[in-house]
1. Output the residues belonging to the stretch 50-72 that are over 15 Å from Pro32 (Cα atoms) and aliphatic (A, V, I, L, M).
2. Looking at (1) modelled with pLDDT under 90; (2) surrounded by fewer than 13 Cβ atoms within 10 Å (Cβ to Cβ), find the lone condition where Pro53 falls short.
Amino acid sequence: MTVLEPHSTHEAIPASLVRYGDDIARWTVTIPTLRHDGLDYIRGQHIWVLAAPQMLDATHQALARASTPQALRRRRGADIDYSAITVTPWQGDGPLDA
């Protein structure tokens, strides 16, 4: 499996989004994928909503999940496009499942 270079810069997180304890911040992490199939390139993505104190923590959690054998099988061996990962504050409400 080919691994693309990780993006090396991270945006600053507004202090209002950094929370701890029961009111921990929630993040939507989107990890794009790319798979070569004959002459075609097939794009896909993993999307997770995660609770984490900082954006970088959520990114690490999502990458750990994307590295499992189950995730690799689900994306049919597609490579992770590290340069295009996005992390945004979650816009939903209600509890998250672990």
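The values are calculated or read from the model by the stated rules, or taken from the named source; none is laboratory data. Please read these numbers as outputs of a predicted model, since none were measured by experiment. We place every Cβ from the backbone using ideal geometry, glycine too, and count neighbours over all the protein chains shown.
1. Leu50, Ala51, Ala52, Met55, Leu56, Ala58
2. The number of the failed condition is (2).
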